[in-house]
Amino acid sequence: MSYLIAPSILSADFARLGEEVSQVLASGADMVHFDVMDNHYVPNLTVGPMVCKALRDYGIQAPIDVHLMVKPVDALISDFIDAGATYITFHPEASEHIDRSLQLIRDGGCKAGLVFNPATPLHLMDWVMDKLDMVLLMSVNPGFGGQAFIPATLDKLRAARAKIQASGYPIRLQVDGGVKVDNIAQIAAAGADTFVAGSAIFNAANPEDPHTYDQVLADF
Ligand code: DX5
Ligand code: ZN
């Protein structure tokens, strides 16, 4: 499977979100990672479906990868389907019925994924492999950008990759948190094919000069 880079909007300038997202995409990013936090499942609050729709209305055509850090999940899944999401991923702890929530996403025409916190066991994916398009391993505890990559994620990525391979399904393996230019090769070697990076992309570029994203993305 090809490698994909998904800049996380969490570290973007929300006052000029459309512009920043267009710039990173023009510089080579593959999709938009859209972090949704509810100040309940995680201790932070971000944005909802209206902002996803606003990006579509602004003209963003790239895949939008909605990472739901909310509880409960089902009502927002429906709202993000309507708002133009491409992928919708959620944390299994936040859904009463994991299988049903995954089906809801697929029935809405979106791609579905489960997100595993650093301490969440991978076996929660075992009986829904046929309903997954993506598995996301958190390499930090969710809630904030700019945290350090948790090294145990490398072994967990190898374990997740083995499960995906054994399943035979074309499931993407994404990693989120603390991904930087200097550790991405190691993370890829452990089995990840889809890389979320927030601070490493948006904080590295000079917002006054859109071309600085070209260099940042080229380094990845
Ligand atoms: C954390 C979010 C991440 C975050 C990553 O809860 O899910 O997507 O923005 O940020 P960095 O790349 O700065 O660790
Ligand atoms: Zn995320």
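Contact map, region 32-48: residues that are in contact (Cβ under 8 Å) with a residue 24 or more places away in the chain and farther than 18 Å from ARG16 by Cα paired with residues that are within 9 Å of ligand 2 (Cβ to nearest atom) and part of a loop (DSSP other than H, G, I, E, B), Cβ distance under 7 Å, separation 6+ or inter-chain. Pairs shown: VAL42/PRO142.
Restricting ASP219, ASP176, ASP209, ASP182 to those that are of a type outside the set (Lys, Arg), without any contact (Cβ under 8 Å) to a residue 24 or more places away in the chain and within 16 Å of ligand 1 (Cβ to nearest atom) reduces the list to ASP182. Determine whether LEU104 is aliphatic (A, V, I, L, M), modelled with pLDDT of 95 or more, within 16 Å of ligand 2 (Cβ to nearest atom) and not in a loop (DSSP other than H, G, I, E, B). Taking the combined requirement at face value, the residue does not satisfy it. For residues in region 124-147 being part of a loop (DSSP other than H, G, I, E, B), hydrophobic (A, V, I, L, M, F, W, C) and within 21 Å of LEU4 (Cα to Cα), which is nearest to ligand 1 (Cβ to nearest atom)? For region 124-147, the residue satisfying everything is VAL140.
Among MET138, MET129, which is crowded, with 20+ Cβ neighbours inside 10 Å and at negative phi? That would be MET138, the only listed residue that is crowded, with 20+ Cβ neighbours inside 10 Å and at negative phi. Across region 159-180, the number of residues qualifying as surrounded by 14 or more Cβ atoms within 10 Å (Cβ to Cβ) and farther than 20 Å from THR89 by Cα comes to 1.
Of the helices (runs of 4 or more DSSP H) contained entirely in region 1-93, those carrying at least 1 residues that are within 14 Å of ligand 1 (Cβ to nearest atom) and surrounded by 19 or more Cβ atoms within 10 Å (Cβ to Cβ) fall at 17-26. Which count do you get for residues in region 181-197 that are crowded, with 17+ Cβ neighbours inside 10 Å and either aromatic (Phe, Trp, Tyr) or touching an Asp or Glu at 6+ places or on another chain (Cβ under 6 Å) (or both)? Qualifying residue count, region 181-197: 2.
Mind listing whichever residues of region 36-61 are more than 16 Å from ligand 2 (Cβ to nearest atom) and either modelled with pLDDT under 95 or of a type in the set (Gly, Ala, Ser) (or both)? Matches in region 36-61: ALA54, GLY59.
The values are calculated or read from the model by the stated rules, or taken from the named source; none is laboratory data. This structure is a prediction, so every number in the text was calculated from the model and none was measured. All Cβ positions, glycine included, derive from the backbone under ideal geometry; neighbour counts span all protein chains shown.
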